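Trainee: Handing you this structure, nothing more for now.
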Amino acid sequence: MEPGKKSTNSGWANLPLDLGYLITRKLSNLPDFVRFRAVCKAWCASAPVSDPPLGFPWILEENTNLRGRLHFFCPSTGKVFTLPLPPQLQNMCCAPSPDGYLIFCERNWLLQDKRMLFNPLTNHLVNLPFVELPLYYDTEPLYRRGDYVVFSGTWCGFKKLAFFRLENKRWIKVSSFEYASCCLSHDGLSLSFKYRPWGTRIVDTATNEEIGFIESPKGEEGEFVFLIESFGEILKVVMTNKTSHHIRFRIYKLAVVHSDDGKLNHSWVQTDCIGDCVLFLSRKSCVSVKASQFYKPLRNCIYYRNVLESGGSAICRYSIKDGETKEIPCIFENWQFFVPNLHHPNSSGS
């Protein structure tokens, strides 16, 4: 190099792929991971979207008028991110799903012929099938769980759920439930928590046959039930909401025992330990993550959205071991948990 001249090539783009990958393992949040991938082709190749950092879920602001934009709060960075919406989604209702996609449907249930999944980080859109269920924005419009889409709707006070599976680019109805408050699809099973009668219905999704029903005592007033898949285990979380300052949780694990006649017996076993896991519960979504994936690990606890008596809401952290609760400030008045990701689902949509 001649004296007095500066190099215009720092050589950073020539980092070995394995070294670039090691650098991404030091990143503690998804925004930094996205910026790393955007530097150059070599850095992008060393940071596969299948292995991003999995930190604290984002907070999605709920707004009846999106005005073409979505607002997210990232607790790990303390920053608010604003992401644009495609034109076809700007006048629709929005709700999170467990796998990093947002669900959009028409505000008027009489016109709900358009339902879509949208990844705000990749701008990927997935068309969803039309079903004869009136969907209301305030009653968990629908969920996407793995290879299944779950629709829910309320009509004349009766809630219905329907599972759909993608086959040859068509959505096929697998099973449906009535009088159900929550549902889960995992490892060939469809579970729904029903309140007429009160208990958990277990269905083989391949045959649509009921293979088990776990009776539960009738819930107390103000009690909510969540069904969650947590790294291979199925959990039932019962939230007792006496007041905004008096909330308790009971956690159960699904146990399966082979009887002498070869049948499978299912039961819920109460536990006070979920190991290296953290649960995130809100009105329209629930998710489990590994505590070791956090920058500051906090294991065996539940984060939940608590509606305050004075209005608005707060992020609360509940210790499963000792029952103590701590409130964490949130900059949004109305919000839901959202777990962002960069992958595309197996279903490419139509």
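The values are calculated or read from the model by the stated rules, or taken from the named source; none is laboratory data. These numbers come from a predicted model, not from an experiment. Ideal geometry is used to build each Cβ from the backbone, glycine not excepted, and the neighbour counts take in all protein chains shown.
Trainee: Listed residues 184, 161, 191, 166; which is at pLDDT 80 or above, part of a strand (DSSP E or B), under 22 Å from the mean Cα position of the chain (by Cα) and under 27 Å from residue 119 (Cα atoms)?
Mentor: Going through 184, 161, 191, 166 in turn, the sole match is 191.
Trainee: Do we have any residue at all in segment 222-241 that's farther than 24 Å from residue 96 by Cα and at pLDDT below 85?
Mentor: Going through segment 222-241, the residues farther than 24 Å from residue 96 by Cα turn out to be none.
Within segment 222-241, not a single residue is farther than 24 Å from residue 96 by Cα and at pLDDT below 85.
Trainee: Same structure again: Suppose we keep only residues that are farther than 25 Å from residue 229 by Cβ and of a type in the set (Ser, Thr, Tyr) within segment 70-98. Which one would you say is surrounded by the fewest Cβ atoms within 10 Å (Cβ to Cβ)?
Mentor: Start the filter on segment 70-98 by keeping residues that are farther than 25 Å from residue 229 by Cβ, which leaves 70-71, 73, 77-93.
Applying the additional criterion that residues be of a type in the set (Ser, Thr, Tyr) yields 77, 82.
On the way: 77: 16, 82: 9.
Applying the filter and picking the extreme gives 82.
Trainee: Under the condition of being assigned to a strand (DSSP E or B) and exposed (fewer than 11 other Cβ atoms within 10 Å of the Cβ), which residue from segment 247-272 is modelled with the lowest pLDDT? Outline the logic, then answer.
Mentor: We begin by selecting, within segment 247-272, every residue assigned to a strand (DSSP E or B); these are 247-258, 264-271.
With the extra rule that they be exposed (fewer than 11 other Cβ atoms within 10 Å of the Cβ), the set shrinks to 257-258, 269-270.
Working: 257: 88, 258: 81, 269: 94, 270: 93.
Filtering first and then ranking leaves 258.
Trainee: Which one is modelled with the lowest pLDDT, of the residues in segment 56-69 that are under 26 Å from residue 306 (Cβ atoms) and exposed (fewer than 13 other Cβ atoms within 10 Å of the Cβ)?
Mentor: If we filter segment 56-69 for residues that are under 26 Å from residue 306 (Cβ atoms), which is where we start, we get 56-66.
Applying the additional criterion that residues be exposed (fewer than 13 other Cβ atoms within 10 Å of the Cβ) yields 64-65.
Values: 64: 57, 65: 61.
Looking at the filtered set, the residue picked out is 64.
Trainee: If you take the residues in segment 230-246 that are under 23 Å from the mean Cα position of the chain (by Cα) and part of a loop (DSSP other than H, G, I, E, B), which one is surrounded by the fewest Cβ atoms within 10 Å (Cβ to Cβ)?
Mentor: First pass over segment 230-246, keeping only residues under 23 Å from the mean Cα position of the chain (by Cα): 230-241.
Then drop every residue that is not part of a loop (DSSP other than H, G, I, E, B), which leaves 231-232.
Details: 231: 11, 232: 7.
Once the filter is applied, the top-ranked residue is 232.
Trainee: Continuing with the same structure: May I ask you to verify whether residue 299 is over 20 Å from residue 187 (Cβ atoms), modelled with pLDDT of 80 or more and assigned to a loop (DSSP other than H, G, I, E, B)?
Mentor: yes
Trainee: Cβ-Cβ below 7 Å, separation at least six or inter-chain, first residue in segment 27-56 and touching a residue at least 24 places away in the same chain (Cβ under 8 Å), second exposed (fewer than 15 other Cβ atoms within 10 Å of the Cβ) and in a loop (DSSP other than H, G, I, E, B): which pairs?
Mentor: 28/295; 55/295
Trainee: Continuing with the same structure: Which number in (1) under 21 Å from residue 214 (Cβ atoms); (2) outside any strand (DSSP E or B) marks the one condition that residue 275 misses?
Mentor: (1)
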